Amino acid sequence: MKIGVKALPGTEVYAIWGDEYYKTKVQSVEVLEDGSVCYMLYDFNSDSCATGYSEDEFYLTETGVKDAIAQEG
């Protein structure tokens, strides 16, 4: 089985938080039993706490995250 990874640990990304976004980094990447990928992203204003995100909940560019939020709104 081939699994694609959107971002590696240490990569700066833009995470969606409600109807806002924030710049953060990937803490770790986990491949789950069903083959999906879970990205642990540092929480807003934290360098130790992380929350799991799927690849459609964060973006590699600020433009990408702004476009996604605009489409949801």
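The values are calculated or read from the model by the stated rules, or taken from the named source; none is laboratory data. Only a predicted model underlies this, so the values are computations on that prediction, with no experimental measurement involved. Don't worry about glycine lacking a Cβ; one is built from the backbone with ideal geometry, like all the others, and counts go over all protein chains shown. Areas reflect the complete protein model, heavy atoms only, side chains present, ligands, DNA and RNA absent. Shrake-Rupley method; radii C 1.70, N 1.55, O 1.52, S 1.80 Å.
Pairs of Cα atoms nearer than 8 Å and 6+ residues apart set the relative contact order; for the chain it is 28 percent. Around the Cα centre of segment 1-47, unit charges on the Cβ atoms of Lys, Arg, Asp and Glu (plus for the first two, minus for the last two) sum to a dipole of about 260 debye.
Accessible surface area normalised per residue over the chain is 68 Å², counting heavy atoms of protein chains with a 1.4 Å rolling probe. Atom-type composition of the exposed protein surface of the chain places 49 percent of the accessible area on carbon and sulfur (1.4 angstrom probe).
Classify the chain as rounded, prolate or oblate, taking a ≥ b ≥ c as the square roots of the eigenvalues of its Cα gyration tensor: rounded when a/c is under 1.5, otherwise prolate if a/b is larger than b/c and oblate if not. Note, shape of the chain comes out oblate.
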